[in-house]
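Chemist: Just passing along the structure, written as structure tokens.
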Amino acid sequence: MIFSKSRLLLLLTLLPGLAFRVSWAQEKCGTVAYQEIRLHRNPRLENTDQFEKWMKDKLQSRLKTLSGDRTQSSTYTIPVVVHVIHNGEPVGTGTNISDAQIISQINVINKDFPRNNLDAVNTPPEFLPVAGSMDIEFALAKQDPEGLATNGIVRVQGTKNSWAMVDNDTFKALSYWPAENYLNIWVINLQDGGLIGYTQLPVSNLPGLEDSSTDRLTDGVVIYYRAFGTNDGGGTFDLESRFSKGRTATHEIGHFFGLRHTWGDINSCSGTDYVDDTPTQIGSTSGCPTQAEVSCSHDKMFQNYLDYTDDGCMNIFTLGQVARMTTVL
Ligand code: ARG
Ligand code: ZN
Ligand code: CA
């Protein structure tokens, strides 16, 4: 090995033209061989023809999208896995929330991000010019990391009855799917000073994301089980009334795609979320204001998903926020 390497080095040094040809002739890539071995071991794996067909379909729908016909498919489909860390109750009771509650949550984010939410009509007219719609779809995973069929929901009994943020690594280690392939959402009994959710911000060179963790094993979103899902449309899930419309996940997934709080986490007009079309405001807004509120000489956009108002008052991502999320994606 060493011997042949040094001979190649000699050729490279003395005969650049010849050396180029030698190294070109030696150039090899193991991808095809690797694929064949995998196929041999597991004949049910997708073969090359199947892959090429899939790719052709993808390219065609992509071309349709680019040519303005966006009815065929969304640009992004995000496979989601929901890890329910429960306390041993039967499914549908207490912390072991039902499939229906989880599906209701997926439906909310599939409306909020593309701005198909019914309460988009409540966005004040002054903010309509900056209202953004994201071409994205969330889907509970259909394949688990082994390639087996799944409904995208994992139920695991926890080793504690309630969790705080300091337990982050512990409950995430109880159930986790590779963050390269899934958006991990942990639904837990979060008891930590009123916290109803938090998110690991993405790794990016955008401003405001400098301190993001690079730990893939903890990448994802955490939500309190009584703030996950919606009772809109007649549901009777055990949800906190202020957070009963699924907007905690909208807010947290906004963070997951790189959004910061609209007030910039600083209580002054110089706080920034690094997004131009979200107005500056001093501090967060809580509850549900019934009329416009002025801050920093303009109306606050307290309807923004990245403020702190109650679920029923939130209804907008801006064009700038959508652009930032798209950049992160
Ligand atoms: N407090 C949480 C956070 O900072 C989420 C707030 C979500 N608000 C809501 N109305 N659901 O990430
Ligand atoms: Zn937040
Ligand atoms: Ca802003």
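Chemist: At each listed q (0.09, 0.10, 0.17, 0.22 Å⁻¹), what is the log10 of I(q)/I(0) that the Debye formula gives for the stretch 204-329 modelled as equal alpha-carbon point scatterers?
Modeler: Per q value, in the given order, log10 I(q)/I(0) is -0.27, -0.33, -0.93, -1.32.
Chemist: Classify the stretch 162-253 from the C-alpha gyration tensor, please: rounded if a/c falls under 1.5, else prolate or oblate depending on whether a/b exceeds b/c. Display every interim value, and only then the final one.
Modeler: Values: a/c = 1.90, a/b = 1.61, b/c = 1.18.
In terms of gyration-tensor shape, prolate.
Chemist: Quick check on packing: order 317-325, 133-141, 117-125 by the mean number of other C-beta atoms within 10 Å, highest mean leading.
Modeler: Numbers: 317-325: 22.1, 133-141: 17.8, 117-125: 14.0.
Averaged packing, sorted descending, gives the order 317-325, 133-141, 117-125.
Chemist: Contact order normalised by length for the stretch 172-272, with contacts defined as Cα pairs under 8 Å and 6 or more residues apart; what percent is it?
Modeler: Contact order relative to length: 26 percent.
Chemist: Hey, another quick one. Taking a ≥ b ≥ c as the square roots of the Cα gyration tensor eigenvalues, with a/c under 1.5 meaning rounded and otherwise prolate when a/b beats b/c, else oblate, which class fits the stretch 173-224?
Modeler: Judged from the Cα gyration tensor, the stretch 173-224 comes out oblate (a/c at least 1.5, b/c at or above a/b).
Chemist: Ranked highest first by the average count of other Cβ atoms within 10 Å around their residues, in what order do 184-194, 223-233, 289-299, 157-167 fall?
Modeler: So the order, starting with the most tightly packed, is 223-233, 184-194, 157-167, 289-299.
Chemist: Pull up the DSSP beta bridges for the stretch 179-273 and report the antiparallel fraction as a percent, rounded to 5. Walk me through the numbers before you get to the answer.
Modeler: Working: 4 of 8 bridges.
Around 50 percent of the beta bridges assigned by DSSP in the stretch 179-273 are antiparallel ones.
Chemist: Then there is this: Given the Cα-Cα distance of Ser268 and Glu146 and 0.36 nm per residue of separation, how much length would full extension add, in nm?
Modeler: Numbers: separation 122, 0.36 × 122 = 43.92 nm, distance 4.92 nm.
Here the segment from Ser268 to Glu146 would lengthen by 39.0 nm.
Chemist: Using a Förster distance of 45 angstrom, determine the FRET efficiency expected from the C-beta separation of Ala164 and Asp276, and round it to 0.05. Could you put the intermediate results ahead of the total?
Modeler: On the way: r = 36 Å, r/R0 = 0.80.
E(calc), rounded to 0.05, equals 0.80.
Chemist: Over the stretch 100-222, calculate the relative contact order: mean separation of alpha carbon pairs under 8 Å at least 6 apart, over the residue count, as a percent. Write down the numbers at each step before the final one.
Modeler: Details: 120 pairs, mean separation 22.2, N = 123.
Reported relative contact order: 18 percent.
Chemist: For Ile106, Ile196, write out the residues from largest to smallest accessible area, computed with a 1.4 angstrom probe and no ligands counted.
Modeler: The most accessible residue leads, giving Ile196, Ile106.
Chemist: A further question follows. Diagonalise the Cα gyration tensor of the stretch 61-216 and give the resulting equivalent ellipsoid semi-axes, square root of 5 times each eigenvalue, largest first, whole Å.
Modeler: The equivalent ellipsoid of the stretch 61-216 has semi-axes of 30, 20, 18 Å.
Chemist: Per residue, how large is the accessible surface of the stretch 190-316? Use a 1.4 angstrom probe and give square angstrom.
Modeler: Details: 5360 Å² over 127 residues.
On a per-residue basis, the stretch 190-316 sits at 42 Å².
The values are calculated or read from the model by the stated rules, or taken from the named source; none is laboratory data. What you are looking at is a predicted structure, and each value in this text was computed from that prediction instead of being measured. Quick reminder, even Gly has a Cβ in these numbers, built from the backbone with ideal geometry, and neighbours come from all protein chains shown. Just the protein is used for accessible areas: all its heavy atoms, side chains included, with ligands, DNA and RNA removed. Shrake-Rupley method; radii C 1.70, N 1.55, O 1.52, S 1.80 Å.
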